[in-house]
Structures are given as structure tokens and as C-alpha cells.
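Peer 1: Dropping the structure in here first, questions after.
Derivation of every value follows stated rules applied to the coordinates shown; laboratory data play no part. This one's a predicted model, so the numbers in the text were calculated from it and none came from an experiment. Positions of Cβ are backbone-derived with ideal geometry, glycine not excepted, and every protein chain shown enters the neighbour counts.
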């Protein structure tokens, strides 16, 4: 049975969606997604709704940069950047069944940032999106008070606190990546975006 996914942009009117992987503005420098629509597993709907309501009380909006990712695209990314520090290694068994992958591959992860509600400009963050180096790491974990004084970290910490209050956990090496950790029994899938939409 096909898992149930929801279209983030259609479901949450206050969220914005921009998928770099549907453009050439990404670390592989080519378009790899066939859709500009972001999808997540339906188990995330309540938590994302709470995040939307909380953000309505702030000057910010959530900008989704990545969500569900087909497993075959994870395999492609791994062929270019086989570094488990920044990418989950995709594994299949001898029958080509998926054994392990990224939470993106089951619709249980989002990459995101904050934008200014009025100007739609991106808020300052420690690094660029998909900048795979130490600048992207969550170095503030035990020193939040200190890092809140730095504008380049302030908004990353705010983003983290908002999402982690609703069942998400931030990736230690990527300020933009959050896993929804309450339903990790859900299977990995390799559905194309066209199959999700149909």
C-alpha cells in the first residue's frame, strides 16, 4: 500500500516552499527533482500545524528547502558525496530492497530556514544551505546564551527551539536539517514525485 504523503505548500498556507534540488542552485549544480512541491508523511501534519501557529506570532515564516526525497536520488547524491557525516548512506539488500537510507526517504525529515514575513528575505544563518563544513554544525548546543548574541546563530537557535518543541530533532552537522523522530518505524520508499501526486 502506498504511504500517505501530504503536500506541504497546499496544507500549510503560512509556509513557503523553495526546493533547490528542483533547480540548479544546489551542491550538485543540476536539477534533480522533477517537482517544486514539497511532500511529507501524514504523521507530521499535527506537529507542522503547531509550528505554523507558533510562527504566526512572530515576524518569521518557515521556508521548506527539502522534504521527501526519493531513495534513488539519495543513491545519486551518495555517488557524488559518500560522506556519512553529511549524507545518510543508502543501502539495498541482494534483492534490491531498501534496507537503510535517510529520513528524507520516508518523508520524516525537512530541511528548512526562517524568512522575514514582511520582506521574504532569508534570515542570517551560520552557513549557506547544504554547505557541508564546520560552519553548518550546531556548535551552540551547550552555549546557547553566548551564541544568541551572534546574529548568524541567533535565528538558527530560534528555528531549532521551535521545531524541537514539536517532535523534531536537529542534525548536529546541519542547522537546516530536522528529523521527525516519533515515527521511525515507517518504511523507506522510492516513489517518484509523479507517483506521489497521482
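Peer 1: For helix 71-80, report the angle its Cα long axis makes with the longest principal axis of the Cα atoms of the chain; keep it between 0 and 90° and round to the nearest 10°.
Peer 2: Roughly 70 degrees, rounded to the nearest 10.
Peer 1: I would also like to ask the following. Relative contact order for segment 48-153: what is it in percent, counting Cα pairs under 8 Å that are at least 6 residues apart?
Peer 2: Working: 118 pairs, mean separation 27.1, N = 106.
So the answer I get is 26 percent.
Peer 1: Something else about it: Could you give the angle, 0 to 90 degrees to the nearest 10, between helix 45-55's Cα long axis and the longest principal axis of the Cα atoms of the chain?
Peer 2: Compared with the principal axis, the helix lies near 20 degrees.
Peer 1: Where in segment 156-198 does the label zone of residue 53 land, with the point 7 angstrom along Cα→C-beta and an amide N cut-off under 17 Å?
Peer 2: 162-168
Peer 1: Then there is this: So what is the 222 nm mean residue ellipticity for the chain from helices alone, if each DSSP H run of at least 4 adds -39500 (n - 2.57) and you divide by all residues, rounding to the nearest 500 deg cm²/dmol? Don't skip to the answer; put the middle values down first.
Peer 2: Working: 6 runs with 48 residues, N = 198.
Mean residue ellipticity at 222 nm (helix-derived): -6500 deg cm²/dmol.
Peer 1: If you stretched the chain out fully between residue 2 and residue 79, how much longer would it get, using 0.36 nm times the residue separation minus the C-alpha to C-alpha distance?
Peer 2: Gain on extension, residue 2 to residue 79, equals 25.0 nm.
Peer 1: Can you give the % of DSSP beta bridges in the chain that are antiparallel, to the nearest 5?
Peer 2: 90 percent
Peer 1: Then there is this: Springs between alpha-carbon pairs under 10 angstrom, Gaussian network model over the chain: which of 62, 80, 114 fluctuates most?
Peer 2: For the chain, modelled as a Gaussian network with Cα springs under 10 Å, the answer is 80.
Peer 1: Now for a separate question. Calculate, in nm to one decimal, what residue 30 and residue 141 gain on full extension: separation in residues at 0.36 nm each, minus their alpha carbon distance.
Peer 2: That works out to 36.6 nm of additional length.
Peer 1: Relative contact order for the chain: what is it in percent, counting Cα pairs under 8 Å that are at least 6 residues apart?
Peer 2: 21 percent.
Peer 1: Rounded, prolate or oblate: which one fits segment 1-67, using the alpha carbon gyration tensor with axes a ≥ b ≥ c (rounded when a/c is under 1.5, else prolate when a/b beats b/c, else oblate)? Before the final figure, lay out the partial values.
Peer 2: On the way: a/c = 2.96, a/b = 1.32, b/c = 2.23.
Oblate, because a/c is 1.5 or more while a/b does not exceed b/c.
Peer 1: While we're on this one: Expressed in whole Å with the largest first, what are the equivalent ellipsoid semi-axes of the chain derived from the C-alpha gyration tensor as the square root of 5 times each eigenvalue?
Peer 2: On the way: eigenvalues 138, 76, 52 Å².
Ellipsoid semi-axes (Å, largest first): 26, 19, 16.
Peer 1: Please give the helix 151-164 orientation as an angle from the longest Cα principal axis of the chain, in degrees from 0 to 90, rounded to the nearest 10.
Peer 2: 60 degrees
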